[in-house]
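Some notes on the structure that comes next.
The values are calculated or read from the model by the stated rules, or taken from the named source; none is laboratory data. Keep in mind the model is a prediction, meaning the values are calculated, not measured. All Cβ positions, glycine included, derive from the backbone under ideal geometry; neighbour counts span all protein chains shown.
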Amino acid sequence: MKINLTACDLNQTGLEMYDLISELYPICRSITGNGVRETLKILQRHIPLDIREVPTGMPVFDWTVPKEWNVRDAYVKNAKGEKVIDFKKSNLHLLNYSTPIHEKIPLAQLKEHLFTLSDRPDWIPYRTSYYSENWGFCLTHRQLEALEDGEYEVYIDSSLEDGYLTYGEYFLKGETSDEILLSCHICHPSLCNDNLSGISLITFLAKHLSTLSLRYSYRFLFIPGTIGSITWLSLNEENAFQIKHGLVAAGVGDSGNLTYKKSRRGDAEIDRTVAHILKHSTRPYAIAEFSPYGYDERQFCSPGFNLPVGSLTRTPFNCYPEYHTSADNLDFVRPTALAESLDTYLAILEVLESNKKYVNTNPKCEPQLGKRGLYGAFGGKKARKRKRWRCYGFSIYRTATIAYSILPSDRNWNFL
Amino acid sequence: MKINLTACDLNQTGLEMYDLISELYPICRSITGNGVRETLKILQRHIPLDIREVPTGMPVFDWTVPKEWNVRDAYVKNAKGEKVIDFKKSNLHLLNYSTPIHEKIPLAQLKEHLFTLSDRPDWIPYRTSYYSENWGFCLTHRQLEALEDGEYEVYIDSSLEDGYLTYGEYFLKGETSDEILLSCHICHPSLCNDNLSGISLITFLAKHLSTLSLRYSYRFLFIPGTIGSITWLSLNEENAFQIKHGLVAAGVGDSGNLTYKKSRRGDAEIDRTVAHILKHSTRPYAIAEFSPYGYDERQFCSPGFNLPVGSLTRTPFNCYPEYHTSADNLDFVRPTALAESLDTYLAILEVLESNKKYVNTNPKCEPQLGKRGLYGAFGGKKARKRKRWRCYGFSIYRTATIAYSILPSDRNWNFL
Amino acid sequence: MKINLTACDLNQTGLEMYDLISELYPICRSITGNGVRETLKILQRHIPLDIREVPTGMPVFDWTVPKEWNVRDAYVKNAKGEKVIDFKKSNLHLLNYSTPIHEKIPLAQLKEHLFTLSDRPDWIPYRTSYYSENWGFCLTHRQLEALEDGEYEVYIDSSLEDGYLTYGEYFLKGETSDEILLSCHICHPSLCNDNLSGISLITFLAKHLSTLSLRYSYRFLFIPGTIGSITWLSLNEENAFQIKHGLVAAGVGDSGNLTYKKSRRGDAEIDRTVAHILKHSTRPYAIAEFSPYGYDERQFCSPGFNLPVGSLTRTPFNCYPEYHTSADNLDFVRPTALAESLDTYLAILEVLESNKKYVNTNPKCEPQLGKRGLYGAFGGKKARKRKRWRCYGFSIYRTATIAYSILPSDRNWNFL
């Protein structure tokens, strides 16, 4: 079956993916709180997302659902009353999960709570303090250097209280109860590639798949990183084993090469399928072994679950300087890159959907192509190779799924 | 045991192999008909071949034994009555399996039935139409260009009628009922490398082996390509599993490098043995994986049989420009190449014949070579290495066949 | 646990290892006899070695314990009564295991019993005749060329009589009864690298390990080559299977690269461990597959035992011109090379000692590093990587030994 979009639709979809990123960009997200709720509500305009809430304090494996964090305003004023750091200008300025404070302190004391990137003096870093209560501000190094001695008014109007961890889930029922998982994280504030690109890709993927009749059921997760997947796995321990294949989407909007990080199994059907699609694409790509750093594939692949879930990104996390800084902005992601990433995800799903098991009903000697109209009228020269290949290709197997039956000569099965 | 010919005999045999090719060259063969019968009768002068006939219409797996084709004469005459294409000059001129015709037709209509090679203007292509009734002529591109407008008399005195498919079989009984299969195709008309070289090699191989006392039984098949092996397998379905190793011979007379195409199993004893012999030869060679294109190994290896049968050729089919053209003639095959191919086949058979299973009766610590006379009188320096190697080599295995026991350092076991 | 010596101690130990070699150098050793006893007694000053004696004639697998050989003096005098070959100058001059003789013979007859190296005219070769009774002398080629015609007095005051095969064994009890075997040969006379370097390394290894509290028990063997290991295995057939890992030490004092020859199993823990240590060293090295030539690993790995015993040398035996000649002398081995070899052995043992099996008690999702103090206070940037790696690294396995748990990205586990 054909899942891929046409080139024309793909260009259009790339622009729409970018528009969604632009809309979500200003929101201050974290692993909990109203920023996540607001984000998910915007996504509900595209897909029928269920928004789920899990209460603070609930144990989830080795972890506990944290307190909910919300922030209304935050700034630092100098002695003249000028805002020298202003959360309203960029939500990255506030250390994520900062506790409330309203005090006047001297510069030296303030500096213990400031984070900059000395080697990128115009960029604001992104920092968090989820599991250790603290407060702080992130700013450009030039801002830091411009701060004069004197007293500063520090104001953070935030709350860190019992509440909920919020996540989105969309289950698209297919012919069978076997599931394909597509997951992204939704916990980063104004960061485009690391967060919003994945959200946008999964949203448009879900939107497109919901228009098709599919063999697999699809489960789309929009969850805070780490704690979100741990929470979901804890709540769905019994059913997680319905997941036959999965991909974690993140960093799919930059202009770098596509990079696939294998599942912990390393030879799962998803691993072979992605490798195949990348190999037969016309662009450079990279394939990496599983490792315990990365996104939520770490949880899905933990040995107690060991699900066949890989991660398909463009430039891997932490391998581009803009990663976790204000430079991961709306200029850093491109509609064409988003569209190409989406197209690759669709190509992968098309293989998985098509990859049924066929049984050779004629295993003794080859089939006669002539009487099936698959052979050129005149022998002795090369004949209709593509169709012959399909027929011959399968004829050398007793049973075969398409992805498995890639022949020794490693031709691209896609032309079958 | 020693199977290989001496260098002297090999030169002589190369010349005899070439002479047999020269004798068979003029005959118009096809997948059925008197050309095959005539060919097999000539081979009977060398080996006691059984000639078998299978009637038209007999179902053989997915196929049916075709009608028998015979041709007495064929030509095209121009308006002046000159023969511009003459089957008697080269049987390649006639589209193989052409139906009878005697008509006068204009050039334009004639051209629909003509085949040439525009990029090789002096060569006649070889074309067939076995399974779609038609008529036609093959000619050089220069001949085609010289044809003037006007009417042409087309004459094909052929018959396509119920009859027989004819093939040759020679069974050479050995000590055991385990069989080695050696097969070639006999369906091509005046083509030397693709057809006659294989026929000649299998004939002289059989002739030489018949003079020896052998462990294996040998089955030599001279069959029309594809339909012949399908027919043989259909008639011998029960007994095919006696075949423990097999080789399909074709294209063994050109001056290209030896090329082995593995069985579908890929790791059968025949695959390892041929790889070993080629590796320890002094000449370049190639080894290819199984694929569903090629010669009759396609049928022997079809998944319902999956016999351990590979194919040893020189330049692979379709990889030399002369393939399936009039340039695959008596100049294209060389006695020395034929002899070298034969020698390689013999070397392979020598390994298979010798490759018995040995059990190490002394598995704890190494055997004392001294008391067996296998150690040099004086220690401290290299001693009789060849014999020691044999003894040591085996001593590190509990059980071993020779071909399996090739040691990690991959020495050539032939010196054992 | 830490086993390795400090750099300072290592330099000192290198010098002591060299001193021991110097002390043992003059002794005339063979596979039996007083030279072996004297050698072992010197070693007893360093480690509490048990000296064991096995009587001549005892059957040991395919072999028999040979007669004991001792030599007091040997020379060849020319017609003028000058000693032209003198055992007292170098014990290599005497063919090892020479039977007694006292005769006057002409030069031509003498020459049948002389061994030289024509391509190394200043070196004395080392030759033996253990299992074929004979007598002979080894000399430099220049000595041979200087011999004038005439009668020569040949005198060998040796005895070859029923006696004992002598070997040394030191068993160091650890926490468990699982054993690590460390073995060297002690049968060569004045040869430094091939014999004395291994003896010295195993002695100092044992000396150092005896000061530590260890998980494994250690068995140190000082045995004549081939017949010694065969004898030991024959006497200890039942208990040999306590050996969980082993190394045969030889040729560890030259300045060549470290070379590991794998056990016959090829993938034993010792094989993986040595490969790992060599890979993460800063020096070039080589790893070779098992083969039936070499030192006593041949017997330990024979298929009836198949123990996980490899051999770690520097330049492999027979791969340096000085091998088995008088040039393998005190100049050929270096204290720094000895120390580096010892250090590598210790590094290997440190891994084996540490390589316990751990069970992941938290297999579902990753452990929370924060509450264990293993995560940096501020997220969003790289945190304490070494400790995190340890924790994450293990978290992706259900059970793991350290050497097995080397992660796909193949980081050096040593920093754990």
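Which of the residues spanning the stretch B:225-269 are in a loop (DSSP other than H, G, I, E, B), within 12 Å of another protein chain (Cβ to nearest Cβ) and in contact (Cβ under 8 Å) with a residue 40 or more places away in the chain?
Matches in the stretch B:225-269: B:Gly225, B:Thr226, B:Lys262, B:Ser263, B:Arg264, B:Arg265.
Take A:Leu181 and decide whether it is in contact (Cβ under 8 Å) with a residue 60 or more places away in the chain, in contact with a strand residue (DSSP E or B) (Cβ under 9 Å, 6 or more places away or on another chain) and either of a type outside the set (D, E, K, R) or in the same structural domain as A:Gln44 (by TED's automatic domain parsing) (or both). Before you say what the answer is, go through the steps one by one.
Values: in contact (Cβ under 8 Å) with a residue 60 or more places away in the chain: yes; in contact with a strand residue (DSSP E or B) (Cβ under 9 Å, 6 or more places away or on another chain): yes; either of a type outside the set (D, E, K, R) or in the same structural domain as A:Gln44 (by TED's automatic domain parsing) (or both): yes.
In short, yes.
Residue under question is C:Val333, and the condition is that it be assigned to a loop (DSSP other than H, G, I, E, B), surrounded by 24 or more Cβ atoms within 10 Å (Cβ to Cβ) and more than 14 Å from every other protein chain (Cβ to nearest Cβ); does it hold?
Values: assigned to a loop (DSSP other than H, G, I, E, B): yes; surrounded by 24 or more Cβ atoms within 10 Å (Cβ to Cβ): yes; more than 14 Å from every other protein chain (Cβ to nearest Cβ): yes.
Yes; evaluated as a whole, the condition is true for this residue.
When you scan the stretch A:293-300, do you find a residue that is hydrophobic (A, V, I, L, M, F, W, C), free of Cβ contacts under 8 Å to residues at least 40 places away in the same chain and either assigned to a loop (DSSP other than H, G, I, E, B) or more than 8 Å from chain C (Cβ to nearest Cβ) (or both), even just one?
Residues of the stretch A:293-300 hydrophobic (A, V, I, L, M, F, W, C): A:300.
Then drop every residue that is not free of Cβ contacts under 8 Å to residues at least 40 places away in the same chain, which leaves none.
No, the stretch A:293-300 has no match at all.
Of (1) outside any strand (DSSP E or B); (2) surrounded by 22 or more Cβ atoms within 10 Å (Cβ to Cβ), C:Ser177 satisfies all except one. Which?
In the conditions (1) outside any strand (DSSP E or B); (2) surrounded by 22 or more Cβ atoms within 10 Å (Cβ to Cβ), C:Ser177 misses (2) alone.
Does the stretch A:102-140 hold any residues that are away from chain C (no Cβ under 14 Å) and more than 30 Å from the chain's Cα centre (by Cα), and which are they?
The answer is A:His102, A:Glu103, A:Lys104, A:Ile105, A:Pro106, A:Leu107, A:Ala108, A:Gln109, A:Leu110, A:Lys111.
When B:Tyr75 is evaluated against the numbered criteria (1) surrounded by 16 or more Cβ atoms within 10 Å (Cβ to Cβ); (2) assigned by TED's automatic domain parsing to the domain that holds B:Ile227; (3) among the hydroxyl-bearing types (Ser, Thr, Tyr); (4) under 18 Å from B:Leu92 (Cα atoms), which criterion, by number, is the only one it fails?
Result: B:Tyr75 fails condition (2) only.
Tell me which of these B:Leu165 doesn't satisfy, since it passes every other one: (1) within 30 Å of B:Thr211 (Cβ to Cβ); (2) modelled with pLDDT of 95 or more; (3) crowded, with 23+ Cβ neighbours inside 10 Å.
All conditions pass for B:Leu165, except number (1).
Go through the stretch A:239-257 residue by residue and tally those that are under 13 Å from A:Cys192 (Cβ atoms) and out of contact with any Phe, Trp or Tyr (no Cβ under 7 Å at 6 or more places or on another chain).
First, pick out the residues of the stretch A:239-257 that are under 13 Å from A:Cys192 (Cβ atoms): A:250-255.
Narrowing further to those that are out of contact with any Phe, Trp or Tyr (no Cβ under 7 Å at 6 or more places or on another chain): A:252-253, A:255.
The qualifying residues number 3.
With the requirement that a residue be part of a strand (DSSP E or B), of a type outside the set (A, V, I, L, M) and closer than 22 Å to A:Glu161 by Cα, what does the stretch A:57-93 give you? Give the derivation first.
Looking only at the stretch A:57-93, we keep the residues that are part of a strand (DSSP E or B), and these are A:59-60, A:63-64, A:68-77, A:83-86.
Those left that are additionally of a type outside the set (A, V, I, L, M): A:59, A:63-64, A:68-70, A:72-73, A:75, A:77, A:83, A:86.
Scanning the stretch A:57-93 gives A:Pro59, A:Trp63, A:Thr64, A:Glu68, A:Trp69, A:Asn70, A:Arg72, A:Asp73, A:Tyr75.
For the structure I just gave you, tell me whether A:Val84 is aliphatic (A, V, I, L, M), surrounded by fewer than 21 Cβ atoms within 10 Å (Cβ to Cβ), modelled with pLDDT of 95 or more and over 26 Å from the mean Cα position of the chain (by Cα).
Numbers: aliphatic (A, V, I, L, M): yes; surrounded by fewer than 21 Cβ atoms within 10 Å (Cβ to Cβ): yes; modelled with pLDDT of 95 or more: yes; over 26 Å from the mean Cα position of the chain (by Cα): yes.
Judged against the criteria, A:Val84 is a match.
I'm checking my understanding of the structure. Among residues of the stretch C:271-291 that are crowded, with 20+ Cβ neighbours inside 10 Å and more than 14 Å from C:Pro316 (Cα to Cα), which one is farthest from the other protein chains (Cβ to nearest Cβ)?
Ranking the qualifying residues of the stretch C:271-291, first place goes to C:Ile277.
Among the candidates C:Thr116, C:Thr99, single out the residue that is touching a His at 6+ places or on another chain (Cβ under 7 Å), within 20 Å of C:Tyr152 (Cβ to Cβ) and not hydrophobic (A, V, I, L, M, F, W, C). Break it down stepwise before answering.
Working: C:Thr99 fails: touching a His at 6+ places or on another chain (Cβ under 7 Å).
Testing whether each residue is touching a His at 6+ places or on another chain (Cβ under 7 Å), within 20 Å of C:Tyr152 (Cβ to Cβ) and not hydrophobic (A, V, I, L, M, F, W, C) leaves just C:Thr116.
Residue check: is C:Val54 in a helix (DSSP H, G or I) and away from chain B (no Cβ under 14 Å)? Can you show your working first?
Values: in a helix (DSSP H, G or I): no; away from chain B (no Cβ under 14 Å): yes.
For C:Val54, the condition - in a helix (DSSP H, G or I) and away from chain B (no Cβ under 14 Å) - is not met.
For the stretch C:308-318, check the following and say yes or no: at least one residue is without any contact (Cβ under 8 Å) to a residue 40 or more places away in the chain, in a loop (DSSP other than H, G, I, E, B), surrounded by fewer than 18 Cβ atoms within 10 Å (Cβ to Cβ) and under 17 Å from the mean Cα position of the chain (by Cα). Let's see the steps before the verdict.
The first filter runs over the stretch C:308-318 and keeps only residues without any contact (Cβ under 8 Å) to a residue 40 or more places away in the chain, leaving C:318.
Within this subset, residues satisfying the condition of being in a loop (DSSP other than H, G, I, E, B) are C:318.
Narrowing further to those that are surrounded by fewer than 18 Cβ atoms within 10 Å (Cβ to Cβ): C:318.
Next, only the ones that are under 17 Å from the mean Cα position of the chain (by Cα) stay: C:318.
Checked the stretch C:308-318: at least one residue is without any contact (Cβ under 8 Å) to a residue 40 or more places away in the chain, in a loop (DSSP other than H, G, I, E, B), surrounded by fewer than 18 Cβ atoms within 10 Å (Cβ to Cβ) and under 17 Å from the mean Cα position of the chain (by Cα).
In the stretch C:233-274, how many residues are over 15 Å from C:Phe300 (Cα atoms) and either of a type in the set (Val, Ile, Thr) or more than 18 Å from the chain's Cα centre (by Cα) (or both)?
Counting residues in the stretch C:233-274 that are over 15 Å from C:Phe300 (Cα atoms) and either of a type in the set (Val, Ile, Thr) or more than 18 Å from the chain's Cα centre (by Cα) (or both) gives 7.
Within the stretch B:1-14, work out how many residues are of a type in the set (A, V, I, L, M), assigned to a helix (DSSP H, G or I) and touching a Leu at 6+ places or on another chain (Cβ under 9 Å). Don't jump to the end; show me each part of the working.
Here is the first cut: in the stretch B:1-14, the residues of a type in the set (A, V, I, L, M) are B:1, B:3, B:5, B:7, B:10.
Restricting the remaining residues to those that are assigned to a helix (DSSP H, G or I) gives B:7, B:10.
So of that shortlist, the ones also touching a Leu at 6+ places or on another chain (Cβ under 9 Å) come out as B:10.
Looking only at that region, the number is 1.
What pairs can you find where one residue is in the stretch C:10-36 and over 30 Å from C:Trp69 (Cα atoms), the other is β-branched (Val, Ile, Thr) and part of a helix (DSSP H, G or I), and their Cβ atoms are less than 6 Å apart, with a gap of 6+ or different chains?
C:Gly14/C:Thr336
Please tell me if A:His93 is over 30 Å from A:Ser354 (Cβ atoms) and within 14 Å of another protein chain (Cβ to nearest Cβ).
Yes.
How many residues, within the stretch A:301-325, are basic (Lys, Arg) and within 14 Å of another protein chain (Cβ to nearest Cβ)?
Initial filter on the stretch A:301-325 (basic (Lys, Arg)): A:314.
If we keep only those that are within 14 Å of another protein chain (Cβ to nearest Cβ) too, we end up with none.
The total comes to 0.
Could you grab me the full set of residues in the stretch A:184-222 that are under 20 Å from A:Ile243 (Cα atoms) and among the polar types (S, T, N, Q)?
If the condition is that a residue be under 20 Å from A:Ile243 (Cα atoms) and among the polar types (S, T, N, Q), then A:Thr203, A:Ser210, A:Ser213, A:Ser217 are the ones that fit.
Has the stretch B:355-374 got any residue that is modelled with pLDDT of 80 or more and more than 14 Å from chain C (Cβ to nearest Cβ)?
Yes.
Can you tell me which of (1) assigned to a strand (DSSP E or B); (2) crowded, with 22+ Cβ neighbours inside 10 Å is the one B:Tyr218 doesn't meet?
Condition (2) is where B:Tyr218 drops out.
Which one of the conditions (1) under 19 Å from B:Leu221 (Cα atoms); (2) modelled with pLDDT of 95 or more does B:Asn306 fail to meet, given that it meets all the rest?
Failing condition for B:Asn306: (2).
Would you check if there is a residue in the stretch A:8-23 being modelled with pLDDT of 95 or more and closer than 27 Å to C:Leu369 by Cβ?
no
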